[in-house]
There are 2 protein chains.
Amino acid sequence: MFGAQGYESGSLREVAALAGISQAGLLHHFPNKVALLSAVLERRDEGASEETGRAEPGVHTLGALVEYARQSAFKPGEIELFAVLSAEATRPEHPANAYMRRRYQWITDIAVESLSAARDQGHLRPDADPLRLASQMFALWDGLQIQWLLKVNDVSVADGVEHFLDLHLVKPLRELLREVQAQR
Amino acid sequence: MFGAQGYESGSLREVAALAGISQAGLLHHFPNKVALLSAVLERRDEGASEETGRAEPGVHTLGALVEYARQSAFKPGEIELFAVLSAEATRPEHPANAYMRRRYQWITDIAVESLSAARDQGHLRPDADPLRLASQMFALWDGLQIQWLLKVNDVSVADGVEHFLDLHLVKPLRELLREVQAQR
DNA sequence: GTCTATAAAGCGATAGAC
DNA sequence: GTCTATCGCTTTATAGAC
C-alpha cells in the first residue's frame with residue numbers, strides 16, 4: 001500500500017481492508033502509522049539481507065545484486081515502495097528520512113566492499129573508483145526502476161545494472177562468475 | 001509545494017498561503033488541484049526547453065544537458081518536484097502519469113537524436129547504443145538526484161552524468177566541446 | 001484480539017458577499 | 001479578484017464494549 005500510494009496517501013483503512021480487519025484492529029498491532037511503516041521497512045530489509053548477505057565480497061556479491069534486481073521484477077509492490085518512498089523521504093521531516101539515509105549508506109558500503117575486493121583480484125579496471133561506482137550503480141538502479149514502473153523505454157533494471165558493471169569490469173560479469181565458479 | 005510534499009500531500013491551503021491569498025482565491029485562478037499541477041509542469045517545461053532547446057543535436061546538446069544539470073543544483077525545489085512526482089506518478093491513476101510518460105519519451109527522443117548525431121560524427125564509440133545510453137543517462141540522472149536530495153555519498157549530479165557520458169565518448173565531453181568550438 | 005463509535009483535524013470544492 | 005463561511009468527505013487516533 002505504501003508502495004502503490006506513497007506513505008502519506010496510503011490510508012490505514014485500506015491497509016486494514018487488505019488484511020481483512022478493521023482500521024481499529026490494525027492499530028491494535030501497530031500503535032500508529034509510523035510504526036507500521038517502520039515494520040514494513042524492517043521486514044523487507046530482512047528479506048533483502050537473506051538473499052544477498054550470504055555471498056562473499058567480490059564479483060560473487062555483484063552477481064547476487066544483479067540477480068536480486070532480476071528477481072525484483074516479480075515483486076512490483078516492493079519496487080514501488082522504494083521508488084516512491086525514497087523520493088518522498090528526501091524531505092528531512094519525513095518519518096522515513098533517517099531510515100533511507102541509513103539504507104543508502106548501508107548498501108553503498110556493501111557495494112564498495114565488493115567492488116574493492118573485485119579490484120584487488122584484478123577483476124575491475126584499475127582506474128575505477130569503488131565509491132563513485134557504487135553510488136552510480138544504485139542511482140542507475142533507482143532511475144531504471146522508475147522508467148520500468150512508468151513502462152517507458154521498455155527497460156530491464158537487471159540488464160541495465162549488469163551492463164553498467166560490465167563497462168567497468170575487465171570481462172563481462174557472467175564470464176567472471178563462471179571462472180570463479182570453476183576455480184572451486 | 002508539490003515538490004516538497006508530493007502532489008497528494010501538498011495542500012491548496014499551503015500553496016495559497018505561500019502566494020499570500022486564501023485557498024478560495026487560489027481556486028479562482030485554477031479551477032481545481034489538477035489544473036494547478038498541470039500549470040506548474042507546463043511552466044517548468046517551457047523553462048527547460050528554452051535552456052536546452054537552442055543547442056543543435058550532437059555533442060553541443062549533450063553539453064547543454066550537463067550544463068542544465070549543473071544549474072539545477074541551484075534550484076532544489078525543481079529537483080524535488082520531479083524526483084517526488086516522477087516516482088509518485090508511476091501509479092497509472094495518478095493525475096500526472098500521462099504527463100510523465102510523455103516527458104520521458106520527449107527527453108529520450110532528444111537525447112537519442114543527439115547521441116546518434118555524435119556517433120555519426122565519430123564522437124561516440126561505434127558499439128554504443130543511443131537508445132540504451134539515453135535511457136541509462138536519465139536513469140542515472142534521476143537516481144543521483146535522489147542521493148543528492150538525501151545528502152548521501154556527497155554526490156554531484158552534473159559530474160556523475162558527465163562522467164557517464166565520457167565513458168562512451170571517444171574523448172571527454174569537455175575536449176570534444178572545445179574542438180567543436182574551435183572549428184567555427 | 002477485534003469490533004463499533006466517535007473525536008479532532010485536514011482535505012478539496014462550492015456558494016455567495018463585496 | 002478576493003474574501004468568509006461552509007459542505008461533505010477522509011484522515012489518524014482514541015474510547016470502550018465484547
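Filter the helices (runs of 4 or more DSSP H) completely within the stretch A:1-60 down to those with at least 3 residues that are away from DNA strand D (no atom under 16 Å from the Cβ) and surrounded by 13 or more Cβ atoms within 10 Å (Cβ to Cβ).
A:33-53
Scanning the stretch B:132-184 for residues that are assigned to a loop (DSSP other than H, G, I, E, B), of a type in the set (S, T, N, Q) and either under 21 Å from the mean Cα position of the chain (by Cα) or closer than 18 Å to A:Ala139 by Cα (or both) yields a total of 2. Within the stretch A:87-113, if we keep just the residues that are in a helix (DSSP H, G or I) and crowded, with 24+ Cβ neighbours inside 10 Å, the residue that is nearest to the other protein chains (Cβ to nearest Cβ) turns out to be A:Ala87. So, A:Gly122, is that one at pLDDT 95 or above and not in a helix (DSSP H, G or I) or not? So A:Gly122 passes the test.
Please tell me if B:Ala117 is assigned to a helix (DSSP H, G or I), within 16 Å of the chain's Cα centre (by Cα) and not acidic (Asp, Glu). No, not satisfied.
On inspection, A:Asp129 does not qualify as closer than 23 Å to B:Ala87 by Cα and more than 14 Å from the chain's Cα centre (by Cα).
The values are calculated or read from the model by the stated rules, or taken from the named source; none is laboratory data. All of these numbers come straight from a predicted model, not from anything done at the bench. Note: ideal-geometry Cβ built from the backbone for every residue, glycine included; neighbour counts use all protein chains shown.
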